[in-house]
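One structure is given here, and the rest of the page talks about it.
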Amino acid sequence: MATPIVFISYSHSDTEHISWVVLLATKLRENGIDVILDQWDLHPGDDIALFMESSLKKSDRVLVICSSSYVEKSNGSIGGVAYEKMILNAQIVNDVRTRKYIPIIPLGEKKKETPVFLGARLYIDFSEPKSFNEKFEILMNELCLGYPKKKPVLGEFRKGEVKTMSDKDFMLESESWFRKQYERSYKGFLELGFQTYMEIKFSVEKRNNHYDQRKLFEAVDESQIHTFGWPIGILIKSNEQFRPKPLSNGIFLEGIEDSDRGLHNKSYDYWALNCNGDFYLLKSIFEDMRDSTAIFFNTRIVRTTETLLFCEKLYSKLGLTGGNPKVDIEINYSGLKGRILKSSNSTRRIEEKITYENEIRIKETVSINEISLHIIDLTKKFTQPLFNIFDFYKFNDSIYEQIVTDFINGKVT
């Protein structure tokens with residue numbers, strides 16, 4: 001297939017918006033899309049009108065960045081946007097069914113409107129920073145394949161035969177469920193004013209079981225580890241706010257501690273457990289209650305140890321222990337940029353380091369029956385990548401051994 005050529009039409013509303021457009025264009029070029037962008041291809045002395053006409057003509061697709069400024073200028077026929085609109089409108093009139101033009105809602109755009117000349121064309125929404133990768137993948141599929149989703153192949157009809165779900169089908173179903181949990185929890189998280197969160201996903205490899213909601217409730221209740229703060233999978237039977245709610249496909253809990261006295265008196269916990277055994281959690285971090293500039297290395301080791309042991313207990317309570325079952329464990333952090341690696345323990349001082357990375361995702365496939373056996377090594381596997389982004393920070397094995405062992409014995413150090 002020939003390299004797709006894409007022209008980006010946008011408004012020069014402010015430097016932040018222009019920078020985002022350049023970032024999008026850069027990512028497209030890194031992925032093999034030949035982008036035409038005025039920042040790179042229009043030079044002093046060039047005929048602007050000719051540049052617009054020739055760029056629109058030779059492009060396979062056109063990304064229309066629908067900022068409020070662009071929509072306003074287009075609908076009001078103002079400036080260069082109006083000239084592009086005139087050309088685009090003429091092409092659309094000649095072929096009303098054309099899919100050449102893709103509306104893009106840019107980062108931070110709240111109105112989510114498109115210019116009148118684009119009609120009711122479906123847009124791709126990049127307004128939320130967390131969804132960039134997901135939306136970029138949709139855009140890349142459209143640019144490379146022509147369709148974001150391909151219609152499934154029509155199978156042969158045979159009376160009396162039924163094709164059931166395959167492992168791949170279950171994987172797609174699982175991804176969709178995790179995405180919904182994130183969207184539901186992230187909204188509540190932001191409303192409290194937080195920026196940094198810890199996200200956890202457990203996805204069992206074989207989904208031969210279907211657990212009812214009461215069984216899920218009991219399993220989580222018996223798997224909590226009450227050693228440090230609000231536990232992973234917080235559940236308080238006597239407190240309605242911290243009592244899980246049943247859904248058709250599982251249970252969930254959204255627990256909020258709120259106070260008008262700032263982040264130091266707030267916390268957010270969301271978790272959900274699917275009837276197929278998948279588990280999701282998004283929570284604010286302990287550090288925001290002590291020092292909103294910090295990431296405490298020892299706290300992250302403790303929380304990771306707790307996460308792994310909770311996972312082992314949860315699937316043991318669900319009876320998923322026979323036949324060496326495996327689980328994909330993912331521990332993610334977002335909102336890290338500018339945070340400083342510190343210690344919460346005054347007797348365990350470290351050289352403080354800052355990170356310029358905002359997000360990190362760590363994923364491993366683990367044998368459920370071997371978590372306790374390899375708990376120290378597994379904790380290191382899930383925390384060392386986090387520490388690496390703080391100027392390559394590395395801790396001795398003895399530090400891991402002491403903090404993990406103390407936690408297992410009911411102490412936080």
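I'm trying to understand the selection: among the residues of segment 225-237, which are within 26 Å of the chain's Cα centre (by Cα) and without any contact (Cβ under 8 Å) to a residue 60 or more places away in the chain?
Hits for segment 225-237 are 229, 230, 234, 235.
Give just the number: which of (1) assigned to a helix (DSSP H, G or I); (2) surrounded by fewer than 20 Cβ atoms within 10 Å (Cβ to Cβ); (3) at pLDDT 90 or above does residue 80 not satisfy?
Only one criterion in (1) assigned to a helix (DSSP H, G or I); (2) surrounded by fewer than 20 Cβ atoms within 10 Å (Cβ to Cβ); (3) at pLDDT 90 or above is unmet by residue 80, namely (3).
I'm checking my understanding of the structure. Among residues of segment 113-130 that are at pLDDT 85 or above and not in a strand (DSSP E or B), which one is surrounded by the fewest Cβ atoms within 10 Å (Cβ to Cβ)?
The extreme case among them is 122.
Among the listed residues 307, 347, identify the single one that is farther than 26 Å from residue 195 by Cα and either of a type outside the set (A, V, I, L, M, F, W, C) or touching a residue at least 40 places away in the same chain (Cβ under 8 Å) (or both).
347
Limited to segment 184-224, what total is found for residues that are closer than 30 Å to residue 128 by Cβ, surrounded by fewer than 16 Cβ atoms within 10 Å (Cβ to Cβ), among the charged types (D, E, K, R) and more than 15 Å from the chain's Cα centre (by Cα)?
Residues flagged as closer than 30 Å to residue 128 by Cβ, surrounded by fewer than 16 Cβ atoms within 10 Å (Cβ to Cβ), among the charged types (D, E, K, R) and more than 15 Å from the chain's Cα centre (by Cα) within segment 184-224 amount to 1.
Within segment 23-41, count every residue that is exposed (fewer than 15 other Cβ atoms within 10 Å of the Cβ) and among the aliphatic types (A, V, I, L, M).
Going through segment 23-41 one residue at a time, the tally reaches 1.
Grab the strands (runs of 3 or more DSSP E) fully contained in segment 313-393, keeping just those with 2 or more residues being within 25 Å of residue 273 (Cβ to Cβ) and β-branched (Val, Ile, Thr).
Correct list: 326-334, 359-367.
Only one residue in 342, 381 is among the charged types (D, E, K, R), closer than 16 Å to residue 288 by Cα and touching an Asp or Glu at 6+ places or on another chain (Cβ under 8 Å). Which one?
342 is the lone residue from the list that is among the charged types (D, E, K, R), closer than 16 Å to residue 288 by Cα and touching an Asp or Glu at 6+ places or on another chain (Cβ under 8 Å).
Which one is modelled with the lowest pLDDT among residues in segment 179-226 that are part of a loop (DSSP other than H, G, I, E, B) and within 16 Å of residue 247 (Cβ to Cβ)? Outline the logic, then answer.
First, pick out the residues of segment 179-226 that are part of a loop (DSSP other than H, G, I, E, B): 192-196, 205-212, 222-226.
Now drop any that are not within 16 Å of residue 247 (Cβ to Cβ), which leaves 210-212.
Details: 210: 85, 211: 90, 212: 91.
Ranking the candidates gives 210 first.
Yes/no matrix, rows are residues, columns are (1) in contact with a helix residue (DSSP H, G or I) (Cβ under 6 Å, 6 or more places away or on another chain); (2) over 30 Å from residue 358 (Cα atoms); (3) at pLDDT 80 or above; (4) assigned to a loop (DSSP other than H, G, I, E, B):
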position: 103; (1), (2), (3), (4): yes, no, yes, no
position: 107; (1), (2), (3), (4): yes, no, yes, yes
position: 111; (1), (2), (3), (4): yes, no, yes, yes
position: 133; (1), (2), (3), (4): no, no, yes, no
position: 140; (1), (2), (3), (4): no, no, yes, no
position: 150; (1), (2), (3), (4): no, yes, no, yes
position: 153; (1), (2), (3), (4): no, yes, no, yes
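Report whether or not residue 232 is closer than 22 Å to residue 313 by Cβ, at pLDDT 90 or above, in the same structural domain as residue 309 (by TED's automatic domain parsing) and not in a loop (DSSP other than H, G, I, E, B).
For residue 232, the condition - closer than 22 Å to residue 313 by Cβ, at pLDDT 90 or above, in the same structural domain as residue 309 (by TED's automatic domain parsing) and not in a loop (DSSP other than H, G, I, E, B) - is not met.
Using the structure shown, decide if residue 54 is assigned by TED's automatic domain parsing to the domain that holds residue 27, modelled with pLDDT of 85 or more and more than 34 Å from the chain's Cα centre (by Cα).
yes
Quick check on segment 376-395. Is at least one of its residues assigned by TED's automatic domain parsing to the domain that holds residue 202, more than 28 Å from residue 280 (Cβ to Cβ), acidic (Asp, Glu) and more than 21 Å from the chain's Cα centre (by Cα)?
Yes, the conditions are met somewhere in segment 376-395.
So that you can scan it fast, the table gives a plain yes or no per residue for (1) buried (at least 16 other Cβ atoms within 10 Å of the Cβ); (2) more than 29 Å from residue 323 (Cα to Cα); (3) at pLDDT below 95:
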| residue | (1), (2), (3) |
| --- | --- |
| 349 | no, yes, yes |
| 378 | yes, no, no |
| 383 | yes, no, no |
| 388 | no, yes, no |
| 393 | yes, yes, no |
| 400 | yes, yes, no |
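Out of all the residues in segment 176-205, which are in contact with a Leu (Cβ under 9 Å, 6 or more places away or on another chain) and more than 30 Å from residue 294 (Cβ to Cβ)?
Selection gives 204 alone.
Assess whether residue 333 counts as being assigned by TED's automatic domain parsing to the domain that holds residue 281 and over 20 Å from residue 232 (Cβ atoms).
no
Out of segment 279-302, which residues are assigned to a loop (DSSP other than H, G, I, E, B) and surrounded by 24 or more Cβ atoms within 10 Å (Cβ to Cβ)?
Answer for segment 279-302, where residues must be assigned to a loop (DSSP other than H, G, I, E, B) and surrounded by 24 or more Cβ atoms within 10 Å (Cβ to Cβ): just 285.
Has segment 156-170 got any residue that is modelled with pLDDT under 75, surrounded by 13 or more Cβ atoms within 10 Å (Cβ to Cβ) and out of contact with any Gly (no Cβ under 6 Å at 6 or more places or on another chain)? Before you say what the answer is, go through the steps one by one.
Looking only at segment 156-170, we keep the residues that are modelled with pLDDT under 75, and these are 156-170.
With surrounded by 13 or more Cβ atoms within 10 Å (Cβ to Cβ) added as a condition, the list becomes 170.
Those left that are additionally out of contact with any Gly (no Cβ under 6 Å at 6 or more places or on another chain): 170.
Yes: segment 156-170 contains one or more residues that are modelled with pLDDT under 75, surrounded by 13 or more Cβ atoms within 10 Å (Cβ to Cβ) and out of contact with any Gly (no Cβ under 6 Å at 6 or more places or on another chain).
Quick one: which residue in 89, 75 is surrounded by 15 or more Cβ atoms within 10 Å (Cβ to Cβ), part of a helix (DSSP H, G or I), assigned by TED's automatic domain parsing to the domain that holds residue 59 and at pLDDT 75 or above?
Matching residue, one of 89, 75: 75.
Within segment 394-410, can you find the residues that are of a type in the set (Gly, Ala, Ser) and assigned to a loop (DSSP other than H, G, I, E, B)?
The one that is of a type in the set (Gly, Ala, Ser) and assigned to a loop (DSSP other than H, G, I, E, B): 410.
The values are calculated or read from the model by the stated rules, or taken from the named source; none is laboratory data. In this text the structure is predicted, and so the values were computed from the model without any measurement. Here the Cβ is made from the backbone with ideal geometry for all residues, glycine too, and neighbour counts use every protein chain on show.
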